[in-house]
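Here is the structure we will look at.
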Amino acid sequence: MKNIISTILLTSCFCGITGISNFPKVTPVAAQVSPGGELQYNFYGRSIPLRVRQDSVAVSFKAAASTRSLGATEASYLKLQRDLRGGTRSISGNNNLEVQPLGLHYALVHLPAGNSSSPAAVTQRVKQLPYVAGTLPVLSRSDRDEAIVLPNEIVVTFEPELGDTEAVQAILNRYNLEIIKPLRFTKNRYLVRSQAESGIAILAIANRLNNVPGISSATPNFVQSVTYNSPGRGFGN
């Protein structure tokens, strides 16, 4: 018998804006989760199962302060690896942790098999570091060995007829979203973030936005997909 997909609540209610017609009533954002614990991401009508990786922690870094020093500045991911592996404040048993850079602003901490530290312990330690902005979920498709980082960013494309900036802002306000920046070389397309939610709730918000009148598409701004080698052998290229 085909498994029945259940629904769990991921976030609290959003505050709505009165006086806007044709919008559905705002209810708690929900994501579909299978009995096996898989998240369901809706991508242009396709339901893609995702799971949360328990062997990785994604990290976002604060913007580096500008400096006029002529000396080279240590990359944030190298600083993170050094702080996790050594020093008096490091976590015991973390000498074999691997930190993979994902551009300039993100990194992936991989916990090899047999490591004594749990993801929760690593996350707690990482959040104490002054140059770290926060941690992010690491997902993978159920049939692949990969790492997909989910930041608090959604790419939202509005319908062409919704050219009024006030109408766009009204929809964003209704769902507690703020504009990070308009995307270049395209019209009515914005990179936005949630002001109320984070983590895997961003996946649910994107799914919900796809059903909002006036929105053509909404997709999480996945940072990067990293292919793994076999367990214990580190990252692939």
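The values are calculated or read from the model by the stated rules, or taken from the named source; none is laboratory data. All values reported here derive from a predicted model rather than from experimental measurement. Counting neighbours? That spans all protein chains shown, and the Cβs are built from the backbone with ideal geometry, glycine included.
For the stretch 145-174, a tally of residues being in contact with a Ser or Thr (Cβ under 7 Å, 6 or more places away or on another chain) and of a type in the set (Ser, Thr, Tyr) returns 1. The residues in the stretch 122-142 that are charged (D, E, K, R) and touching a residue at least 24 places away in the same chain (Cβ under 8 Å) can be counted, and the count is 2. Would a scan of the stretch 141-154 turn up a residue that is modelled with pLDDT under 90, of a type in the set (Asp, Glu), out of contact with any strand residue (DSSP E or B) (no Cβ under 6 Å at 6 or more places or on another chain) and surrounded by fewer than 16 Cβ atoms within 10 Å (Cβ to Cβ)? For the stretch 141-154, residues modelled with pLDDT under 90, of a type in the set (Asp, Glu), out of contact with any strand residue (DSSP E or B) (no Cβ under 6 Å at 6 or more places or on another chain) and surrounded by fewer than 16 Cβ atoms within 10 Å (Cβ to Cβ): present.
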